[in-house]
Amino acid sequence: MTRLFVTNIKNIFCFFAVRCHKKIIRNYVVDNMRNILSSPFMDMALQQAIDAAARGEVPVGAVLVDYRTQQVLATAGNRVEELQDATAHAEMLVMRMVRSRFLTHADLYVTLEPCPMCAAAISFARIRRLYFGAEDPKGGGVEHGCRVFQQTTCHHRPEVYGGVAADFAAGLLQKFFREKR
């Protein structure tokens, strides 16, 4: 019941943010709902991030969900160091696990704003919605950096909801890098 209520509130606010075309309203909505909008799927992604940190990887986790059935299709954490593969980001791994060219029936939950490579892959896979936690001003490709989904060459633009459990996700990353130094 609570999840449904929060989802409905979010949809109403997002409707007004899109219809009004006012950045002030959108920023107000995002800032004030930043840590309210958590879900069991983002909790799973956060657990994957914690597991990745335990393996010595950058703590980023992702969960791919079939929005029609609410069934988890795949979960993964970063494995760049383990696999010695620069493309082994959590988002890329979950998309590979499903083994489908188009994921129009899927929503992606990830703990960090996707990089440009992952954002392009999300677009090519035609994922319906992207939910991410912490923003990435230096390496992000969705709301920062090259903003892949805003390019005229981008053929598919998923609905994007940033800031879901952002403080916890950002805290994991800060703790990881603080311990690395």
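The values are calculated or read from the model by the stated rules, or taken from the named source; none is laboratory data. Values in this document were obtained by computation on a predicted structure and should not be read as measured data. Here the Cβ positions follow ideal geometry from the backbone for every residue, glycine too, while neighbour counts run over all protein chains shown. What goes into the accessible areas is simple: the full protein's heavy atoms, side chains included, and nothing from ligands, DNA or RNA. Shrake-Rupley method; radii C 1.70, N 1.55, O 1.52, S 1.80 Å.
For Leu103, state whether it is in contact with a helix residue (DSSP H, G or I) (Cβ under 8 Å, 6 or more places away or on another chain), in a loop (DSSP other than H, G, I, E, B) and crowded, with 17+ Cβ neighbours inside 10 Å.
yes
Quick one: count up the residues across region 106-148 that are part of a loop (DSSP other than H, G, I, E, B) and either open to solvent by less than 50 Å² (accessible area, probe 1.4 Å) or within 19 Å of Gly61 (Cα to Cα) (or both).
15
Show the residue pairs meeting these rules: Cβ distance below 9 Å; 6+ apart or different chains; first residue within region 147-165 and of a type in the set (Phe, Trp, Tyr); second residue at pLDDT below 95.
Listed by first residue and then by second, the contacts come to Tyr161/Lys10; Tyr161/Cys14; Tyr161/Val30; Tyr161/Leu37.
For residues that are surrounded by 24 or more Cβ atoms within 10 Å (Cβ to Cβ) and part of a loop (DSSP other than H, G, I, E, B), scanning just region 52-91, find the one that is nearest to the chain's Cα centre (by Cα).
Val60
For His155, indicate whether it is surrounded by fewer than 23 Cβ atoms within 10 Å (Cβ to Cβ) and in contact with an Asp or Glu (Cβ under 6 Å, 6 or more places away or on another chain).
In short, no.
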